[in-house]
């Protein structure tokens with residue numbers, strides 16, 4: 001069991017970690033459909049998308065329908081592009097928005113919320 005000091009150090013380390021920001025794609029291999037999204041934490045994005053799909057509560061009805069039709073094994077999560085670490089905080093929202101639009105056009109795919 002961890003001591004109080006060790007727990008505190010682990011919590012501090014967790015808070016100080018750098019999250020990868022960027023664009024991702026959710027692909028259905030059975031239907032070849034693709035959806036794109038952006039996140040301030042790409043590592044957590046897959047978990048969030050998969051969780052909502054498993055619960056039948058994803059906000060994108062066509063994606064949820066494909067999931068229910070083909071099942072989890074037919075889906076892949078792909079990181080498309082990471083935002084540069086030294087992007088100023090003020091530019092992050094606009095950069096992510098532009099990145100999402102660019103990937104939606106490139107992949108001819110709808111965007112996820």
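So which residues in region 54-85 are under 24 Å from residue 106 (Cβ atoms), in a loop (DSSP other than H, G, I, E, B) and either in contact (Cβ under 8 Å) with a residue 60 or more places away in the chain or more than 18 Å from the chain's Cα centre (by Cα) (or both)?
83, 85
If you scan region 38-53, which residues turn out to be in a loop (DSSP other than H, G, I, E, B) and buried (at least 19 other Cβ atoms within 10 Å of the Cβ)? Walk me through it before giving the result.
Start the filter on region 38-53 by keeping residues that are in a loop (DSSP other than H, G, I, E, B), which leaves 40-41.
Correct list: empty.
Answer yes if at least one residue in region 18-37 is assigned to a strand (DSSP E or B), buried (at least 16 other Cβ atoms within 10 Å of the Cβ), on the phi > 0 side of the Ramachandran plot and touching a residue at least 24 places away in the same chain (Cβ under 8 Å), and no otherwise.
The answer is yes, given that some residue of region 18-37 is assigned to a strand (DSSP E or B), buried (at least 16 other Cβ atoms within 10 Å of the Cβ), on the phi > 0 side of the Ramachandran plot and touching a residue at least 24 places away in the same chain (Cβ under 8 Å).
Any chance you could count how many residues in region 42-52 are more than 11 Å from residue 63 (Cβ to Cβ) and touching a helix residue (DSSP H, G or I) at 6+ places or on another chain (Cβ under 9 Å)?
Looking only at region 42-52, we keep the residues that are more than 11 Å from residue 63 (Cβ to Cβ), and these are 42-48, 50-51.
Filter once more, keeping what is touching a helix residue (DSSP H, G or I) at 6+ places or on another chain (Cβ under 9 Å): 50.
Qualifying residue count for the region: 1.
Among the residues of region 89-113, how many are out of contact with any strand residue (DSSP E or B) (no Cβ under 6 Å at 6 or more places or on another chain) and modelled with pLDDT of 95 or more? Explain how you work it out, then say what you get.
Of all residues in region 89-113, those out of contact with any strand residue (DSSP E or B) (no Cβ under 6 Å at 6 or more places or on another chain) come to 89-95, 97-98, 101-102, 105-106, 108, 113.
Still in the running and modelled with pLDDT of 95 or more: 90-95, 97-98, 101-102, 105-106, 108.
Qualifying residue count for the region: 13.
Conditions first: (1) assigned to a helix (DSSP H, G or I); (2) within 14 Å of residue 113 (Cβ to Cβ). Residue 92 passes all but one, so which condition is the exception?
It is condition (2) that residue 92 fails.
When the residues of region 86-113 are narrowed to those that are over 14 Å from the mean Cα position of the chain (by Cα) and under 24 Å from residue 57 (Cβ atoms), which ends up surrounded by the fewest Cβ atoms within 10 Å (Cβ to Cβ)?
110
The values are calculated or read from the model by the stated rules, or taken from the named source; none is laboratory data. In this text the structure is predicted, and so the values were computed from the model without any measurement. Every residue, glycine as well, gets a Cβ built from its backbone with ideal geometry; the counts of neighbours run over all protein chains shown.
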